[in-house]
Amino acid sequence: MAGRWKNPTELTPVAGNGLLDRRMLLSSGMMFAGAAAVSAAAPTGAAAEPLANDPWSLTPGAPIPPYSTPAHPEAAKIAHLVVQNNGIGTSQARTPHHLLDGIITPNGVHYVVARAGAPDIDPDKYRLVVHGMVRQPLEFSLNDLMRYPMESHVRFLECGGNSAPMWSKTPLQGTVQQLHGLLSCSEWGGIRVSTLLDEAGADPGASWVIAEGADGVTMQRSIPMTKIMDDAVIAFYQNGEPLMPWNGYPMRLFLPGYEGNMNVKWLRRLMVTDQPVMAINESRQYTELLDSGKAWRFYYPQEVKSVITRPSPMMTMPSPGYYQISGIAWSGHGRIEKVDVSADGGKSWARAALQAPVLPKALTRFRMPWNWTGQPAVVMSRATDEAGNVQPTRQQLIAQRGEPRNTPNINGFPMEHVNQISSWAIGANGAVTHVYV
Ligand SMILES: Nc1nc2c(c(=O)[nH]1)N[C@H]1C(S)=C(S)[C@@H](COP(=O)(O)O)O[C@H]1N2
Ligand SMILES: [Mo]
(Lines give C-alpha, C1' and ligand atoms only; values in the text may rest on other atoms or scores of the structure.)
(Ligands and ions follow the chains in the order given, each with its own letter.)
Protein backbone atom coordinates (compact mmCIF):
# COMPACT_ATOMS: atom_id res chain seq x y z
CA MET A 1 0.00 0.00 0.00
CA ALA A 2 2.55 2.52 1.18
CA GLY A 3 4.29 2.44 -2.17
CA ARG A 4 1.21 3.92 -3.92
CA TRP A 5 0.84 6.81 -1.54
CA LYS A 6 1.84 10.24 -2.70
CA ASN A 7 2.29 13.45 -0.86
CA PRO A 8 -0.17 15.99 -2.34
CA THR A 9 2.69 18.42 -2.89
CA GLU A 10 3.97 15.98 -5.52
CA LEU A 11 0.65 16.12 -7.40
CA THR A 12 0.25 18.47 -10.35
CA PRO A 13 -2.10 21.36 -9.65
CA VAL A 14 -4.95 21.93 -12.13
CA ALA A 15 -5.49 25.61 -11.28
CA GLY A 16 -3.88 28.40 -9.27
CA ASN A 17 -3.17 28.29 -5.53
CA GLY A 18 -2.97 24.52 -5.19
CA LEU A 19 -6.24 23.11 -6.63
CA LEU A 20 -5.65 19.44 -7.46
CA ASP A 21 -7.24 17.20 -10.07
CA ARG A 22 -10.70 16.02 -8.98
CA ARG A 23 -9.84 12.54 -10.32
CA MET A 24 -7.52 12.23 -7.34
CA LEU A 25 -10.68 11.64 -5.29
CA LEU A 26 -11.20 8.36 -7.13
CA SER A 27 -8.15 7.00 -5.36
CA SER A 28 -9.12 7.10 -1.72
CA GLY A 29 -5.81 5.60 -0.63
CA MET A 30 -3.95 8.48 -2.15
CA MET A 31 -6.28 11.01 -0.62
CA PHE A 32 -5.97 9.54 2.83
CA ALA A 33 -2.20 9.34 2.53
CA GLY A 34 -2.19 12.97 1.51
CA ALA A 35 -4.05 13.96 4.63
CA ALA A 36 -1.81 11.86 6.86
CA ALA A 37 1.34 13.20 5.25
CA VAL A 38 0.53 16.76 6.27
CA SER A 39 -1.53 16.17 9.38
CA ALA A 40 -0.23 17.08 12.78
CA ALA A 41 -2.29 14.14 14.03
CA ALA A 42 -0.34 11.55 12.04
CA PRO A 43 -0.02 8.34 14.09
CA THR A 44 2.94 8.25 16.42
CA GLY A 45 4.41 5.27 18.23
CA ALA A 46 2.65 6.35 21.43
CA ALA A 47 -0.81 6.54 19.82
CA ALA A 48 -0.43 3.03 18.46
CA GLU A 49 -0.16 1.52 21.95
CA PRO A 50 -3.18 -0.55 23.17
CA LEU A 51 -6.11 1.71 24.14
CA ALA A 52 -7.01 2.12 27.79
CA ASN A 53 -10.62 1.28 28.76
CA ASP A 54 -12.44 4.55 29.30
CA PRO A 55 -15.51 4.66 31.59
CA TRP A 56 -17.92 4.18 28.66
CA SER A 57 -16.31 0.83 27.94
CA LEU A 58 -16.81 -0.48 31.46
CA THR A 59 -20.61 -0.27 31.99
CA PRO A 60 -23.72 -1.13 29.96
CA GLY A 61 -24.73 1.76 27.68
CA ALA A 62 -27.90 3.87 27.51
CA PRO A 63 -31.20 2.17 26.60
CA ILE A 64 -32.66 2.94 23.17
CA PRO A 65 -35.18 5.82 23.27
CA PRO A 66 -38.42 5.68 21.24
CA TYR A 67 -37.04 8.42 18.97
CA SER A 68 -33.35 9.28 18.79
CA THR A 69 -32.01 12.83 18.88
CA PRO A 70 -28.41 14.03 18.77
CA ALA A 71 -27.57 14.24 22.46
CA HIS A 72 -23.82 14.61 22.62
CA PRO A 73 -22.74 18.26 22.83
CA GLU A 74 -20.61 17.83 19.69
CA ALA A 75 -23.52 16.40 17.69
CA ALA A 76 -25.95 18.93 19.14
CA LYS A 77 -23.97 21.76 17.51
CA ILE A 78 -25.92 20.73 14.43
CA ALA A 79 -28.81 22.99 15.34
CA HIS A 80 -31.17 25.41 13.71
CA LEU A 81 -30.41 29.08 13.86
CA VAL A 82 -33.78 30.35 15.04
CA VAL A 83 -35.02 33.91 14.74
CA GLN A 84 -38.25 33.84 16.72
CA ASN A 85 -40.86 36.55 16.92
CA ASN A 86 -42.87 35.31 19.90
CA GLY A 87 -45.24 33.47 17.57
CA ILE A 88 -46.37 36.78 16.03
CA GLY A 89 -45.01 37.76 12.65
CA THR A 90 -42.50 35.78 10.64
CA SER A 91 -40.20 33.36 12.42
CA GLN A 92 -37.26 31.74 10.68
CA ALA A 93 -34.85 28.90 11.31
CA ARG A 94 -31.79 28.31 9.14
CA THR A 95 -30.08 25.04 8.18
CA PRO A 96 -26.44 24.68 9.37
CA HIS A 97 -24.92 23.71 6.02
CA HIS A 98 -21.42 24.41 7.34
CA LEU A 99 -21.86 21.47 9.77
CA LEU A 100 -23.51 19.02 7.35
CA ASP A 101 -22.28 16.84 4.50
CA GLY A 102 -23.99 14.89 1.72
CA ILE A 103 -27.22 16.22 0.17
CA ILE A 104 -30.00 15.37 2.65
CA THR A 105 -31.03 17.80 5.37
CA PRO A 106 -31.95 16.05 8.62
CA ASN A 107 -35.59 16.84 9.44
CA GLY A 108 -34.77 18.46 12.78
CA VAL A 109 -32.71 21.16 11.03
CA HIS A 110 -34.82 21.71 7.90
CA TYR A 111 -35.12 25.46 7.47
CA VAL A 112 -38.40 27.11 8.47
CA VAL A 113 -40.15 30.30 7.43
CA ALA A 114 -43.48 30.59 9.19
CA ARG A 115 -45.77 33.62 9.29
CA ALA A 116 -47.75 32.46 12.30
CA GLY A 117 -45.86 29.57 13.89
CA ALA A 118 -46.84 25.92 13.44
CA PRO A 119 -50.59 25.29 13.88
CA ASP A 120 -51.52 22.42 16.21
CA ILE A 121 -53.58 20.39 13.74
CA ASP A 122 -55.74 17.40 14.63
CA PRO A 123 -55.12 15.02 11.70
CA ASP A 124 -58.48 13.28 12.24
CA LYS A 125 -60.45 16.51 11.79
CA TYR A 126 -58.27 17.85 8.98
CA ARG A 127 -59.80 18.26 5.51
CA LEU A 128 -58.44 19.27 2.09
CA VAL A 129 -60.91 20.71 -0.42
CA VAL A 130 -60.52 20.93 -4.21
CA HIS A 131 -63.06 23.25 -5.81
CA GLY A 132 -63.59 26.21 -8.17
CA MET A 133 -63.61 25.56 -11.91
CA VAL A 134 -64.10 21.81 -11.56
CA ARG A 135 -66.84 19.38 -12.61
CA GLN A 136 -67.04 17.88 -9.12
CA PRO A 137 -65.75 19.62 -5.96
CA LEU A 138 -64.00 17.18 -3.65
CA GLU A 139 -63.26 17.01 0.07
CA PHE A 140 -60.64 14.64 1.49
CA SER A 141 -59.66 13.42 4.91
CA LEU A 142 -56.05 12.44 5.49
CA ASN A 143 -57.06 8.77 5.35
CA ASP A 144 -58.79 9.30 1.98
CA LEU A 145 -55.60 10.79 0.56
CA MET A 146 -53.43 7.95 1.86
CA ARG A 147 -55.14 5.61 -0.65
CA TYR A 148 -53.88 7.51 -3.71
CA PRO A 149 -50.72 6.48 -5.64
CA MET A 150 -47.72 7.81 -3.72
CA GLU A 151 -44.23 8.70 -4.97
CA SER A 152 -41.15 10.31 -3.47
CA HIS A 153 -38.32 12.45 -4.84
CA VAL A 154 -35.22 14.09 -3.40
CA ARG A 155 -35.69 17.83 -4.03
CA PHE A 156 -34.35 21.07 -2.57
CA LEU A 157 -36.57 23.76 -1.07
CA GLU A 158 -35.27 27.33 -0.93
CA CYS A 159 -36.84 30.57 0.26
CA GLY A 160 -36.87 33.26 -2.43
CA GLY A 161 -35.15 35.42 0.19
CA ASN A 162 -32.30 32.97 0.75
CA SER A 163 -28.80 34.45 0.33
CA ALA A 164 -30.24 37.99 0.65
CA PRO A 165 -27.37 38.89 3.04
CA MET A 166 -25.08 38.52 -0.02
CA TRP A 167 -26.76 41.63 -1.45
CA SER A 168 -25.32 43.82 1.27
CA LYS A 169 -23.06 46.65 0.07
CA THR A 170 -20.22 45.34 2.20
CA PRO A 171 -19.68 41.61 2.82
CA LEU A 172 -21.52 40.58 5.97
CA GLN A 173 -19.54 38.21 8.15
CA GLY A 174 -21.53 35.11 9.04
CA THR A 175 -21.56 31.34 8.67
CA VAL A 176 -22.98 29.62 5.60
CA GLN A 177 -25.98 28.97 7.86
CA GLN A 178 -26.51 32.70 8.35
CA LEU A 179 -25.79 33.64 4.73
CA HIS A 180 -27.43 30.74 2.84
CA GLY A 181 -29.42 28.75 5.44
CA LEU A 182 -32.95 29.24 4.07
CA LEU A 183 -32.32 26.16 1.94
CA SER A 184 -32.75 22.45 2.61
CA CYS A 185 -33.05 19.18 0.68
CA SER A 186 -35.24 16.20 1.55
CA GLU A 187 -36.91 13.18 0.09
CA TRP A 188 -40.52 14.39 -0.21
CA GLY A 189 -43.23 11.74 -0.46
CA GLY A 190 -46.82 12.33 -1.53
CA ILE A 191 -49.36 12.28 -4.31
CA ARG A 192 -49.47 14.24 -7.57
CA VAL A 193 -51.82 17.21 -7.50
CA SER A 194 -52.74 16.33 -11.09
CA THR A 195 -54.28 13.06 -9.84
CA LEU A 196 -56.76 15.00 -7.67
CA LEU A 197 -57.50 17.60 -10.38
CA ASP A 198 -58.17 14.85 -12.93
CA GLU A 199 -60.64 13.31 -10.51
CA ALA A 200 -62.30 16.66 -9.80
CA GLY A 201 -62.43 17.36 -13.54
CA ALA A 202 -60.66 20.70 -13.87
CA ASP A 203 -62.14 23.02 -16.52
CA PRO A 204 -59.83 23.20 -19.58
CA GLY A 205 -60.19 27.01 -19.41
CA ALA A 206 -58.65 27.13 -15.91
CA SER A 207 -55.09 28.48 -15.80
CA TRP A 208 -54.39 28.89 -12.06
CA VAL A 209 -54.76 27.00 -8.82
CA ILE A 210 -54.96 29.00 -5.59
CA ALA A 211 -53.34 27.09 -2.74
CA GLU A 212 -54.34 28.06 0.81
CA GLY A 213 -52.79 27.16 4.16
CA ALA A 214 -54.57 26.47 7.46
CA ASP A 215 -52.21 28.52 9.63
CA GLY A 216 -53.11 31.78 11.34
CA VAL A 217 -52.27 33.94 8.29
CA THR A 218 -54.42 31.88 5.87
CA MET A 219 -51.56 32.06 3.42
CA GLN A 220 -52.48 31.95 -0.27
CA ARG A 221 -50.42 31.66 -3.44
CA SER A 222 -51.43 31.38 -7.09
CA ILE A 223 -49.81 28.47 -8.92
CA PRO A 224 -49.83 28.25 -12.73
CA MET A 225 -51.86 25.24 -13.93
CA THR A 226 -48.89 24.15 -16.10
CA LYS A 227 -46.73 23.65 -12.98
CA ILE A 228 -49.57 21.91 -11.13
CA MET A 229 -49.99 19.40 -13.98
CA ASP A 230 -46.22 19.02 -14.51
CA ASP A 231 -44.77 17.93 -11.14
CA ALA A 232 -46.68 19.48 -8.20
CA VAL A 233 -47.06 17.16 -5.23
CA ILE A 234 -49.07 17.16 -2.01
CA ALA A 235 -46.38 15.96 0.38
CA PHE A 236 -47.05 13.99 3.57
CA TYR A 237 -43.57 12.53 4.12
CA GLN A 238 -40.21 14.19 4.64
CA ASN A 239 -37.19 11.85 4.57
CA GLY A 240 -39.47 8.93 5.24
CA GLU A 241 -41.36 10.23 8.26
CA PRO A 242 -44.51 12.37 8.48
CA LEU A 243 -43.80 16.09 7.89
CA MET A 244 -42.36 18.02 10.82
CA PRO A 245 -44.94 20.40 12.42
CA TRP A 246 -43.03 23.47 11.16
CA ASN A 247 -42.71 22.09 7.63
CA GLY A 248 -46.46 21.68 7.15
CA TYR A 249 -47.82 18.63 9.00
CA PRO A 250 -50.02 16.92 7.96
CA MET A 251 -49.58 18.06 4.32
CA ARG A 252 -48.04 20.74 2.17
CA LEU A 253 -47.84 21.71 -1.45
CA PHE A 254 -44.46 20.88 -2.97
CA LEU A 255 -43.41 22.54 -6.23
CA PRO A 256 -39.97 21.25 -7.28
CA GLY A 257 -37.55 24.09 -8.08
CA TYR A 258 -40.01 26.91 -7.36
CA GLU A 259 -39.45 29.55 -4.69
CA GLY A 260 -40.13 28.33 -1.16
CA ASN A 261 -43.02 30.70 -0.53
CA MET A 262 -45.25 28.98 -3.12
CA ASN A 263 -44.90 25.65 -1.31
CA VAL A 264 -47.91 26.32 0.89
CA LYS A 265 -47.71 24.46 4.21
CA TRP A 266 -50.67 23.07 6.19
CA LEU A 267 -52.47 22.94 2.83
CA ARG A 268 -56.27 22.98 3.18
CA ARG A 269 -57.59 24.32 -0.13
CA LEU A 270 -56.88 24.09 -3.85
CA MET A 271 -59.16 26.42 -5.82
CA VAL A 272 -59.10 26.02 -9.60
CA THR A 273 -59.55 29.37 -11.35
CA ASP A 274 -58.60 31.49 -14.38
CA GLN A 275 -56.80 34.33 -12.61
CA PRO A 276 -54.22 34.78 -9.85
CA VAL A 277 -55.50 35.81 -6.39
CA MET A 278 -52.91 38.65 -6.05
CA ALA A 279 -52.06 37.64 -2.49
CA ILE A 280 -49.63 39.80 -0.53
CA ASN A 281 -46.92 37.15 -1.05
CA GLU A 282 -47.07 37.58 -4.83
CA SER A 283 -48.10 41.19 -5.34
CA ARG A 284 -45.85 42.90 -2.78
CA GLN A 285 -43.55 40.37 -1.12
CA TYR A 286 -41.43 37.96 -3.16
CA THR A 287 -41.22 40.48 -5.99
CA GLU A 288 -38.18 42.43 -7.18
CA LEU A 289 -38.43 46.20 -7.17
CA LEU A 290 -36.33 47.14 -10.21
CA ASP A 291 -34.48 50.42 -10.80
CA SER A 292 -37.19 51.38 -13.31
CA GLY A 293 -39.60 51.50 -10.37
CA LYS A 294 -41.49 48.51 -11.71
CA ALA A 295 -41.85 45.32 -9.73
CA TRP A 296 -40.94 41.97 -11.21
CA ARG A 297 -43.75 39.63 -10.18
CA PHE A 298 -44.60 35.96 -10.71
CA TYR A 299 -41.01 34.89 -11.06
CA TYR A 300 -40.81 31.33 -9.79
CA PRO A 301 -37.72 29.16 -10.39
CA GLN A 302 -34.81 29.33 -7.97
CA GLU A 303 -31.81 30.11 -10.17
CA VAL A 304 -28.60 28.08 -10.36
CA LYS A 305 -26.45 28.55 -7.25
CA SER A 306 -23.62 26.93 -5.31
CA VAL A 307 -21.68 27.58 -2.13
CA ILE A 308 -18.57 26.11 -0.56
CA THR A 309 -19.59 24.80 2.84
CA ARG A 310 -16.10 23.76 3.94
CA PRO A 311 -13.97 25.77 4.40
CA SER A 312 -16.37 28.65 5.01
CA PRO A 313 -16.61 31.87 7.03
CA MET A 314 -16.06 31.78 10.79
CA MET A 315 -13.95 28.61 10.43
CA THR A 316 -10.18 28.47 10.87
CA MET A 317 -7.89 26.25 8.81
CA PRO A 318 -5.59 24.62 11.39
CA SER A 319 -2.44 24.38 9.26
CA PRO A 320 -1.27 24.40 5.64
CA GLY A 321 -1.55 21.17 3.69
CA TYR A 322 -4.15 18.93 2.13
CA TYR A 323 -7.89 19.71 2.41
CA GLN A 324 -11.01 18.75 0.58
CA ILE A 325 -13.07 21.74 -0.53
CA SER A 326 -16.70 20.63 -0.25
CA GLY A 327 -19.95 22.34 -1.12
CA ILE A 328 -23.47 22.18 -2.51
CA ALA A 329 -24.95 23.24 -5.85
CA TRP A 330 -28.56 23.36 -7.00
CA SER A 331 -30.88 24.77 -9.66
CA GLY A 332 -34.63 25.10 -10.03
CA HIS A 333 -34.14 24.43 -13.76
CA GLY A 334 -32.95 20.84 -13.41
CA ARG A 335 -29.70 18.96 -12.81
CA ILE A 336 -26.34 20.47 -12.02
CA GLU A 337 -24.11 20.03 -15.06
CA LYS A 338 -20.80 21.09 -13.51
CA VAL A 339 -19.23 23.08 -10.71
CA ASP A 340 -15.96 24.96 -11.22
CA VAL A 341 -13.84 25.93 -8.24
CA SER A 342 -11.23 28.67 -7.92
CA ALA A 343 -8.70 29.13 -5.11
CA ASP A 344 -7.21 32.34 -6.48
CA GLY A 345 -10.23 34.66 -6.40
CA GLY A 346 -11.51 33.70 -9.85
CA LYS A 347 -8.27 34.06 -11.86
CA SER A 348 -8.22 30.33 -12.66
CA TRP A 349 -10.86 27.61 -12.34
CA ALA A 350 -10.96 23.81 -12.37
CA ARG A 351 -13.81 21.27 -12.44
CA ALA A 352 -14.89 19.83 -9.10
CA ALA A 353 -16.04 16.21 -8.72
CA LEU A 354 -19.84 15.88 -8.53
CA GLN A 355 -20.83 13.18 -6.10
CA ALA A 356 -23.59 10.80 -7.21
CA PRO A 357 -26.53 10.97 -7.17
CA VAL A 358 -26.86 14.12 -9.26
CA LEU A 359 -30.64 14.62 -9.21
CA PRO A 360 -32.80 17.29 -10.87
CA LYS A 361 -33.83 20.16 -8.56
CA ALA A 362 -31.88 18.62 -5.68
CA LEU A 363 -28.76 19.61 -3.81
CA THR A 364 -25.65 18.18 -5.47
CA ARG A 365 -22.51 17.68 -3.42
CA PHE A 366 -19.23 18.72 -5.06
CA ARG A 367 -15.70 18.02 -3.84
CA MET A 368 -12.31 19.34 -4.84
CA PRO A 369 -8.91 18.30 -3.51
CA TRP A 370 -6.77 21.23 -2.45
CA ASN A 371 -3.26 21.69 -1.18
CA TRP A 372 -3.30 24.95 0.77
CA THR A 373 0.20 26.39 0.81
CA GLY A 374 -0.55 28.65 3.76
CA GLN A 375 -0.63 31.78 1.60
CA PRO A 376 -3.76 33.98 1.49
CA ALA A 377 -6.31 32.46 -0.90
CA VAL A 378 -9.89 33.14 -2.03
CA VAL A 379 -12.04 30.06 -2.73
CA MET A 380 -15.11 30.33 -4.94
CA SER A 381 -17.52 27.94 -6.68
CA ARG A 382 -19.50 28.51 -9.87
CA ALA A 383 -22.31 26.14 -10.85
CA THR A 384 -23.76 25.51 -14.30
CA ASP A 385 -27.09 23.71 -14.71
CA GLU A 386 -28.28 21.40 -17.48
CA ALA A 387 -30.31 24.24 -19.03
CA GLY A 388 -27.00 26.09 -19.55
CA ASN A 389 -27.53 28.70 -16.82
CA VAL A 390 -24.24 29.78 -15.23
CA GLN A 391 -24.11 31.20 -11.71
CA PRO A 392 -23.34 34.93 -12.09
CA THR A 393 -20.61 36.92 -10.40
CA ARG A 394 -21.68 39.68 -8.04
CA GLN A 395 -20.82 42.26 -10.71
CA GLN A 396 -22.99 40.48 -13.29
CA LEU A 397 -25.94 40.36 -10.91
CA ILE A 398 -25.54 44.06 -10.05
CA ALA A 399 -25.38 44.88 -13.79
CA GLN A 400 -28.70 43.06 -14.19
CA ARG A 401 -30.51 44.38 -11.11
CA GLY A 402 -28.90 47.71 -10.23
CA GLU A 403 -26.72 48.66 -7.25
CA PRO A 404 -27.85 47.35 -3.85
CA ARG A 405 -30.01 50.06 -2.32
CA ASN A 406 -29.43 49.19 1.30
CA THR A 407 -27.18 47.13 3.53
CA PRO A 408 -29.47 44.50 4.97
CA ASN A 409 -29.26 43.04 8.37
CA ILE A 410 -28.40 39.38 8.19
CA ASN A 411 -32.06 38.37 8.68
CA GLY A 412 -33.57 40.84 6.20
CA PHE A 413 -34.81 40.13 2.66
CA PRO A 414 -33.81 43.26 0.70
CA MET A 415 -33.62 41.34 -2.60
CA GLU A 416 -35.11 38.02 -3.68
CA HIS A 417 -33.47 35.33 -5.79
CA VAL A 418 -29.86 36.35 -5.09
CA ASN A 419 -27.58 33.73 -6.65
CA GLN A 420 -24.21 35.41 -7.05
CA ILE A 421 -20.95 33.51 -6.56
CA SER A 422 -19.81 33.44 -2.90
CA SER A 423 -16.13 34.16 -2.17
CA TRP A 424 -14.41 32.98 1.00
CA ALA A 425 -10.96 34.41 1.81
CA ILE A 426 -8.43 32.34 3.75
CA GLY A 427 -5.92 34.47 5.61
CA ALA A 428 -2.31 33.46 6.27
CA ASN A 429 -3.49 32.69 9.83
CA GLY A 430 -6.10 30.26 8.45
CA ALA A 431 -9.10 32.46 9.32
CA VAL A 432 -11.92 32.27 6.75
CA THR A 433 -13.91 35.44 5.97
CA HIS A 434 -16.55 36.56 3.48
CA VAL A 435 -15.19 38.91 0.79
CA TYR A 436 -16.34 40.48 -2.48
CA VAL A 437 -13.85 40.09 -5.33
N1 LIG B 1 -49.15 28.17 5.20
C2 LIG B 1 -47.91 28.67 5.08
N3 LIG B 1 -47.15 28.19 4.06
C4 LIG B 1 -45.90 28.66 3.89
C5 LIG B 1 -45.37 29.67 4.74
C6 LIG B 1 -46.19 30.13 5.80
O7 LIG B 1 -45.79 30.98 6.64
N8 LIG B 1 -47.45 29.61 5.94
N9 LIG B 1 -44.10 30.14 4.51
C10 LIG B 1 -43.63 30.04 3.13
C11 LIG B 1 -42.25 30.40 2.93
S12 LIG B 1 -41.89 32.05 2.87
C13 LIG B 1 -41.29 29.47 2.65
S14 LIG B 1 -39.75 29.94 2.23
C15 LIG B 1 -41.59 28.02 2.77
C16 LIG B 1 -40.70 27.42 3.84
O17 LIG B 1 -40.95 26.06 3.98
P18 LIG B 1 -40.32 25.33 5.25
O19 LIG B 1 -40.61 26.16 6.45
O20 LIG B 1 -40.87 23.97 5.28
O21 LIG B 1 -38.80 25.29 4.99
O22 LIG B 1 -42.92 27.75 3.12
C23 LIG B 1 -43.87 28.63 2.57
N24 LIG B 1 -45.18 28.16 2.87
MO1 LIG C 1 -39.77 32.26 1.87
Alpha carbon Rg of the range 189-247, scaled by the compact-globule rule 2.2 N^0.38 Å = 1.25
In the range 363-430, trypsin sites (Lys or Arg not before Pro) in a DSSP loop with at most 16 other beta-carbon atoms within 10 Å | ARG405
Which value does Rg/Rh take for the range 208-277 over its C-alpha atoms, Rh per Kirkwood?
-> 0.95
Under 30 Å Cα to Cα from LYS125, which lysines show up? Leave out anything in the same chain fewer than 8 places away.
-> LYS227, LYS265
If we restrict to alpha carbons, what Rg and Dmax does the range 305-435 come to, in Å?
-> 15.1, 41
ASN143 versus VAL83, label points 7 Å from Cα toward the beta carbon: distance in nm?
-> 4.3
Report the relative contact order of the range 316-376, percent, no decimals, based on alpha-carbon pairs under 8 angstrom and at least 6 residues apart.
-> 45
Return the FRET efficiency for the residue pair LYS125, THR226: r is the Cβ-Cβ distance, R0 is 45 Å, and the value is rounded to the nearest 0.05.
-> 0.85
Taking only the alpha carbons of the chain, what extent do you get along each of the three principal axes, in Å, biggest first?
-> 76, 64, 40
Would you mind checking the range 335-356 for residues with the amide N under 19 Å from a putative spin-label position 7 Å along Cα→C-beta of ILE398?
-> 345-347
What percent does the relative contact order of the range 305-435 come to when contacts are Cα pairs within less than 8 Å and at least six residues apart?
-> 32
For the chain, the accessible surface attributable to carbon and sulfur atoms (probe 1.4 angstrom, ligands and nucleic acids excluded) amounts in percent to 56
Where only protein heavy atoms count, and the probe is 1.4 Å, what is the accessible area per residue for the range 305-435 in Å²?
-> 36
Leaving out same-chain residues fewer than 8 places away, which lysines sit with a Cα under 24 Å from that of LYS347?
-> LYS169, LYS305, LYS338
Hydrophobic long helices for the chain, i.e. whole DSSP H runs reaching 15 angstrom or more by Cα along the axis with Kyte-Doolittle mean at least 1.0, come out as 28-38
Taking the Cα atoms of the range 41-160 alone, what are Rg (to one decimal) and Dmax (as a whole number) in Å?
-> 23.3, 79
Which residues' amide hydrogens lie under 5 Å from the amide hydrogen of LEU20, considering only partners 5 or more residues apart or on another chain, with H built in the peptide plane?
-> VAL14, TRP370, ASN371
DSSP loop trypsin sites (Lys or Arg not before Pro) in the range 114-171 with at most 16 other Cβ atoms within 10 Å of their Cβ, which ones?
-> LYS125, ARG135, ARG147, LYS169
Dividing the mean separation of Cα pairs under 8 Å (6+ apart) by the residue count of the chain yields a relative contact order in percent of 18
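The values are calculated or read from the model by the stated rules, or taken from the named source; none is laboratory data. This structure is a prediction, so every number in the text was calculated from the model and none was measured. Counting neighbours? That spans all protein chains shown, and the Cβs are built from the backbone with ideal geometry, glycine included. SASA here: full protein model, heavy atoms, side chains in, ligands and nucleic acids out. Shrake-Rupley method; radii C 1.70, N 1.55, O 1.52, S 1.80 Å.
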